[in-house]
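Reading through the C-alpha cells given below for one structure.
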C-alpha cells in the first residue's frame, strides 16, 4: 500500500498565509457557504510585492497520498520561489479517507480507495474561482503542479478543465490509462518528471493498487495527441542535474516535436531516480521556468 510521506525536504520556508476562510492574509471575506471550499480551507502564499493592479500567475500545488499541503510546498521549494518570481501559490489538502490518509480523487488508478469519493474536480475548480475573486489572477496563467497522487489529480484537472489550465508539471503520477477518459478540449502544456527506478508508481506503467496505469511515455504521448503534436518523442540535450543524491547530469530531457505554437509536452527521466527524489535547490526555479513560458496561447 502506498503510504509514503516526504521527509527528505531540502527547501525550508515559512508558510506565509493560512486561509481560515480561503481568502488571503488580511482578507476578511468568507467563501460562499454553498461552495466546496467552505468546509475545506486551503493555504495561499501571496508573493512579496504583489500588485492588485497587475494580473498575476496562479499555481495550484497538490500533495501525494498521505502527505499534506505544507510538506509538498516545502519539498519543492515553491514558497520562496513565489516571492522570487511573483506568483500566487495555492496549496490545499485532500480529503481524509477511511484509512486516515489525505487523498485526491485523481484517475481510477490513484487514489480514491473508498466507495464514495470526493468531488475534487469540483473542489479545485471552486478554489480557482475563490482565488480569482479575491486576487488579480491572470486567466491565461493558471497552472497545476503535483506529486504522485497529486500528479494524477493534476492530469485529471488538465483533462477536465483544459479551458482554464495553461500547463501542468507532474512528478511520479500518470494520465488515465484509457485516453478516452481525458476529455481535454484545448491544448495544455505538460512537463512530466519521473524516476525510472520508482517502485511505487512504475515508470514503465503496470498495476497500481489493482488498476492498470500507463507508463510515463504513454502519459506524455496521450497529451501530445490531445494537444495536436504531430512529431515523435525526441531527445533535447543536454541532460540536466535534478537529483542531489545521484551523480552527474542524471536526467534525460525529451519533448514531442510538431506541437502547436506555444504548446510543449516534455518528459524528464531521472535515471536511477526513485518515487520522491532528493532534489537540488533549483527545482522550484526549473518548475517555474517551464510554467512561465507556457501561458495559454
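The values are calculated or read from the model by the stated rules, or taken from the named source; none is laboratory data. In this text, all values refer to a predicted model and were calculated from it rather than measured experimentally. Quick reminder, even Gly has a Cβ in these numbers, built from the backbone with ideal geometry, and neighbours come from all protein chains shown.
A few comments on the model shown:
- Contact annotation: residue pairs with Cβ atoms under 9 Å, 6 or more positions apart or on different chains, pairing a residue in the range 242-260 that is at positive phi and surrounded by fewer than 15 Cβ atoms within 10 Å (Cβ to Cβ) with a partner that is assigned to a loop (DSSP other than H, G, I, E, B) and modelled with pLDDT of 95 or more, are 248/239; 248/241; 258/228; 258/229; 258/230; 258/231; 258/232.
- Which listed residue, of 179, 187, is closer than 22 Å to residue 268 by Cα, surrounded by fewer than 20 Cβ atoms within 10 Å (Cβ to Cβ) and in contact with a helix residue (DSSP H, G or I) (Cβ under 6 Å, 6 or more places away or on another chain): 179
- Some residue of the range 237-256 being touching a strand residue (DSSP E or B) at 6+ places or on another chain (Cβ under 7 Å) and farther than 27 Å from residue 81 by Cα: yes
- Residue in the range 249-257 that is at pLDDT 95 or above, part of a loop (DSSP other than H, G, I, E, B), within 19 Å of the chain's Cα centre (by Cα) and within 25 Å of residue 107 (Cβ to Cβ) present: no
- Residue match in the range 142-149 (condition: within 14 Å of residue 108 (Cα to Cα), in contact with a helix residue (DSSP H, G or I) (Cβ under 6 Å, 6 or more places away or on another chain) and touching a residue at least 12 places away in the same chain (Cβ under 8 Å)): no
- Of all the criteria given as (1) in contact with a strand residue (DSSP E or B) (Cβ under 7 Å, 6 or more places away or on another chain); (2) without any contact (Cβ under 8 Å) to a residue 24 or more places away in the chain, the one not satisfied by residue 87 is (2).
- Count of residues meeting criterion [under 16 Å from the mean Cα position of the chain (by Cα) and either assigned to a strand (DSSP E or B) or surrounded by 21 or more Cβ atoms within 10 Å (Cβ to Cβ) (or both)] in the range 103-122: 8
- Single residue of the range 268-293 satisfying the filter (within 20 Å of residue 235 (Cβ to Cβ) and surrounded by 23 or more Cβ atoms within 10 Å (Cβ to Cβ)) that is nearest to the chain's Cα centre (by Cα): 268
- Within the range 34-96, strands (runs of 3 or more DSSP E) holding 3 or more residues that are closer than 15 Å to residue 291 by Cβ and modelled with pLDDT under 95: none
- If you go through the range 189-204 and keep only what is farther than 14 Å from residue 151 by Cβ and in contact with a strand residue (DSSP E or B) (Cβ under 9 Å, 6 or more places away or on another chain), you end up with 189, 196, 197.
- Close Cβ contacts (under 8 Å, 6 or more residues apart or on different chains) running from residues in the range 217-231 that are in contact (Cβ under 8 Å) with a residue 12 or more places away in the chain and on the phi > 0 side of the Ramachandran plot to residues that are surrounded by 15 or more Cβ atoms within 10 Å (Cβ to Cβ) and in a loop (DSSP other than H, G, I, E, B) comprise 228/187; 228/259; 228/263.
- In the condition set (1) buried (at least 20 other Cβ atoms within 10 Å of the Cβ); (2) over 15 Å from the mean Cα position of the chain (by Cα); (3) assigned to a strand (DSSP E or B), residue 130 is compliant with all but (3).
- Hey, residue 220 over 19 Å from residue 150 (Cβ atoms), modelled with pLDDT of 95 or more and surrounded by 15 or more Cβ atoms within 10 Å (Cβ to Cβ) or not: no
- Scan the range 267-295 for residues that are assigned to a helix (DSSP H, G or I) and in contact (Cβ under 8 Å) with a residue 60 or more places away in the chain and the total you get is 8.
- Residues located in the range 197-216, provided they are surrounded by fewer than 17 Cβ atoms within 10 Å (Cβ to Cβ) and touching a residue at least 60 places away in the same chain (Cβ under 8 Å): 197, 199, 209, 211, 212
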